[in-house]
Amino acid sequence: MAVTTESYAGKIQRKLLKKQKVIEAASGRKKADLVLKNATFVNVFSNELITCDIACANGLIVGLGDYDGVVEYDMTGKIVCPGFIDAHIHLESSLVSPKEFVRATLPHGTTTVITDPHEITNVMGTDGIDYMFQATEGLPIDVRFMLPSCVPATPMDESGANLDYRAIDSFYDYPRVQGLAEMMNAYGVIHNDKEVVSKIVAAQAHHKKIDGHAPGLTGKDLDTYVAAGVYSDHECSTMEDALEKLKRGQFIMIREGTAARNLEALAGLLTPQYAERCMFCTDDKHPNDLLEKGHIDYICREAINRYGADPILTIKVACHHAARYFLLNNRGAIAPGYLADFAIIDNFKEFNVEMVFKKGELYYNDGKLKDFPAPAIEEYLDERAHDTFHVRHLTKSDFEDVRQRGVIGMIPGEIVSTDNGYADHVDLQKDILKIAVVERHKNTGHIGLGYIQGYGLKSGAVATSISHDSHNIIVVGTNEADMALAANYIVENHGGIVVVDGGKVLASVVLEIAGIMSDEPLTKMNEELEAAKDAAFSLGVSRGIDPFMTLSFMALPVIPTLRITTRGVIDVNTQQYI
């Protein structure tokens with residue numbers, strides 16, 4: 001017991017010394033570590049721009065006024081914003097390691113993200129959660145976690161694991177866990193499924209947040225979902241949908257990502273009447289979007305310049321509201337006691353991020369990013385992440401079928417689908433193609449077959465192991481031989497994306513981490529991905545869709561109307577195979 005007492009006393013002593021340093025710097029008796037001189041900053045409490053010095057010590061803001069610092073930067077002519085927060089993202093969607101994701105987003109002023117690691121968890125089970133914790137430890141963007149609620153998304157799906165509330169319960173004790181991630185199985189909540197509701201009850205027992213995922217839910221079904229304890233939603237695509245949920249007390253995450261872009265539809269929320277209940281998120285962000293457009297800064301720029309949103313209100317939605325919602329009480333504002341996380345922009349119109357500080361340390365300046373090491377990952381988890389495919393060799397006969405199957409109708413720019421009836425063969429004149437999902441986790445041999453309309457492919461096949469959320473292999477083709485070749489190529493390379501035609505591989509992207517991420521730098525990944533897109537477009541894939549990301553959502557059996565699983569086409573609304 002003496003050791004415990006001494007350890008606690010030592011901890012208190014260390015914290016005391018840090019606190020005393022903060023107090024000395026705040027009082028002006030000693031120089032601050034960092035001072036942003038003549039800083040015009042966004043005050044999220046008084047809703048105005050204020051100009052003064054911002055003093056920082058021990059990674060915290062300690063004072064606003066007139067200060068001297070060991071290190072000083074003149075902020076004249078610039079605007080200092082709190083570091084931006086992405087309220088909901090799957091880091092795996094960037095297709096690269098967490099370190100590479102941070103290298104791409106930190107220069108855009110993002111200093112905190114709330115991630116749901118359900119992509120890798122659907123592949124690796126709880127090992128996937130541990131992998132992401134280790135892969136994000138100590139990075140210069142704070143990565144906070146919401147625990148996956150639906151592994152698999154529904155009982156109709158087959159993933160690499162099947163996790164009940166007991167499997168994830170111990171993770172609530174991790175200091176970076178904020179709550180339970182998007183409860184996608186709204187059907188299970190509404191119909192009082194014991195296993196589903198148990199996860200909500202367990203999260204509440206730990207006093208954690210519970211995020212939602214309920215596109216189009218309305219009326220008594222919505223009342224039931226909210227009453228069960230779901231606090232937010234990021235799936236709103238219309239003002240009507242968003243306002244119905246907001247009026248029932250839910251927080252609305254305005255999503256502008258790669259697959260789903262809802263800012264235009266929801267820009268009307270960015271007013272004093274509604275904005276207090278709103279925050280920004282990206283959900284899924286592919287490499288090209290990160291490199292060409294940006295991250296939360298892009299949403300801010302669009303909101304202000306394209307949709308006329310008030311700049312200060314927009315900044316609050318980009319940082320302060322998410323911090324309050326997730327109880328991250330030391331970020332999302334520029335005030336004494338808050339983290340010294342800053343995104344410094346040139347002006348509200350151009351909204352170019354020129355400097356980024358994380359906990360008082362300058363990481364990005366004048367187009368240059370400070371280097372930082374990749375976190376260490378234990379050998380077992382690293383090896384497991386690179387060996388996740390268990391599928392026998394496939395032949396064209398595995399994809400042949402003469403039965404009528406459901407036709408999934410694609411909608412350009414959306415991830416929802418329509419019920420386009422039935423088909424029993426490929427019909428290029430009507431843009432009806434064969435689609436299949438191959439189970440790849442446990443070598444069950446299950447291959448779900450169906451048809452899809454609106455993809456546009458005229459020859460060959462396209463396949464990817466990014467197949468939300470269970471990440472089996474999804475393949476679309478004009479013929480069974482190319483479909484088999486594409487699926488086998490992915491298995492042989494431990495994951496990825498491939499475009500084939502006439503028995504030849506035209507382009508590919510290798511995703512060797514759990515079949516959903518790459519060890520390569522983001523820039524190289526983007527080059528390979530764009531080349532694969534060009535190959536897909538050359539074969540006729542409609543340019544109004546992302547050939548791979550949009551395709552990947554066709555296997556997610558929680559988004560209306562029709563989806564495909566390893567057992568065939570499913571009607572999401574009834575949770576029945578058709």
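The values are calculated or read from the model by the stated rules, or taken from the named source; none is laboratory data. Just so we're clear, the structure is a prediction, and the values are computed from it rather than from any experiment. Counting neighbours? That spans all protein chains shown, and the Cβs are built from the backbone with ideal geometry, glycine included. What goes into the accessible areas is simple: the full protein's heavy atoms, side chains included, and nothing from ligands, DNA or RNA. Shrake-Rupley method; radii C 1.70, N 1.55, O 1.52, S 1.80 Å.
The angle separating the long axis of helix 194-205 from the principal Cα axis of greatest extent in the chain is about 10 degrees. When both region 78-105 and region 405-474 are represented by their alpha-carbon centers, they are found 31 Å apart.
Once the other residues with Cβ under 14 Å from the Cβ of A536 are scored (Lys, Arg +1; Asp, Glu -1), what is the net sum? Please report the intermediate quantities before stating the final value.
Values: positive: K458, K533, R543; negative: D482, D501, E528, E530, D534, D546.
Taking every other residue near A536 into account, the sum is -3.
With distances taken between every two different alpha-carbon atoms, region 449-578 has a Kirkwood hydrodynamic radius of 14.7 Å. Kindly express, to the nearest 10 degrees and within the range 0 to 90, the angle between helix 126-136's C-alpha long axis and the longest C-alpha principal axis of the chain. Once rounded, the angle reads 40 degrees.
Local charge for V426 was computed over the other residues whose Cβ lies under 15 Å away, with Lys and Arg +1 and Asp and Glu -1, and equals -2.
Per residue and in Å³, how big is the convex hull formed by the alpha-carbon atoms of region 131-267?
Working: hull volume 18.0 nm³, N = 137.
Each residue corresponds to 132 Å³ of Cα convex hull volume.
The alpha-carbon atoms of region 83-200 define a convex hull whose volume equals 99 cubic angstrom per residue.
Once neighbouring chains are kept in place and the probe is 1.4 Å, which whole percent of the accessible area of the chain is contributed by carbon and sulfur? C and S fraction of accessible area: 49 percent. Remark: region 282-427 carries 44 Å² of accessible area per residue (probe radius 1.4 Å; ligands, DNA and RNA excluded).
Checking the a/c ratio against 1.5 first, then a/b against b/c, what shape does the Cα gyration tensor give for region 1-158?
Values: a/c = 2.94, a/b = 1.51, b/c = 1.96.
Oblate, because a/c is 1.5 or more while a/b does not exceed b/c.
For region 161-166, just list the computed ³J(HN,Hα) in residue order, Karplus coefficients 6.51, -1.76 and 1.60, θ = phi - 60°, integers in Hz, with x standing in for Gly and Pro. The phi angles translate into 7, 9, 9, 9, 5, 5 Hz. Rounded to the nearest 5, the antiparallel percentage of DSSP beta bridges internal to the chain is 70%.
May I ask you to give the average projected area over all directions of the convex hull of the Cα atoms of region 196-341, in nm² rounded to one decimal?
Details: hull surface 39.1 nm².
The directionally averaged projection comes out at 9.8 nm².
All C-alpha pair distances within region 521-562, sorted into 10 Å bins from zero, spread as 26, 42, 27, 5 percent across the bins.
Computed from point charges on the beta carbon alone (+1 for Lys and Arg, -1 for Asp and Glu), the dipole magnitude for region 473-578 about its Cα centre is near 360 Debye. Out of every Cα-Cα pair that the chain contains, those further apart than 42 angstrom amount to 22 percent.
Taken about its Cα centre, region 289-359 carries a charge dipole of roughly 320 debye when the Cβ of each Lys and Arg holds +1 and the Cβ of each Asp and Glu holds -1. For trypsin sites (Lys or Arg not before Pro), the sites in region 222-331 that DSSP calls loop and that have at most 14 other Cβ atoms within 10 Å are K247, R248, R306.
When region 1-132 is described by a simple charge dipole with +1 on each Lys and Arg Cβ and -1 on each Asp and Glu Cβ, the residue from A9, L91, H108 located farthest towards its positive end is A9. Farthest towards the positive end of the charge dipole of region 197-274, among the residues L246, S232, N262, is the Cα of S232, using unit charges on the Cβ of Lys, Arg, Asp and Glu. Could you compute how fast region 419-465 diffuses translationally, taking Rh as the Kirkwood radius over C-alpha pairs and applying Stokes-Einstein at 10 °C with viscosity 1.306 mPa s? Give it in µm² per second. For the chosen part, D equals 132 µm²/s. How large is log10 I(q)/I(0) at q = 0.21, 0.27 Å⁻¹ when the Debye formula is applied to the Cα atoms of region 258-321, each weighted equally and without solvent? The Debye formula, applied to the Cα set alone, gives -0.82, -1.26. Take the cross-link list K209/K293; K21/K358; K293/K430; K368/K533; K208/K524; K78/K99 and give me the ones stretching past 27 Å between alpha-carbons. Long pairs (Cα-Cα over 27 Å): K209/K293; K293/K430; K368/K533; K208/K524; K78/K99.
In the frame of its principal axes, region 343-429 has Cα extents of 64, 45, 19 Å, reported largest first. Around the amide H of E158, modelled in the peptide plane, lie the amide H atoms of T566, all under 5 Å away and 5 or more residues distant in sequence or on another chain. Charging the Cβ of each Asp and Glu at -1 and of each Lys and Arg at +1, and nothing else, the dipole of the chain about its Cα centre rounds to 1440 debye.
Scanning the chain for GluC sites (Glu not before Pro) that sit in a DSSP loop and have at most 14 other Cβ atoms within 10 Å, the longest stretch containing none of them is 138-349. Put one equal scatterer on each alpha carbon of region 445-506, apply the Debye formula with no solvent term, and list log10 I(q)/I(0) at q = 0.16, 0.19, 0.25, 0.30 1/Å to two decimals. The computed values of log10 I(q)/I(0) come out as -0.46, -0.66, -1.12, -1.42.
Centre-to-centre, using Cα atoms only, region 549-575 and region 264-319 are separated by 29 Å. Of the options G515, V572, L551, report the single residue whose Cα projects farthest towards the positive end of the charge dipole of region 511-578 (beta-carbon charges: Lys, Arg +1; Asp, Glu -1). Farthest towards the positive pole: V572.
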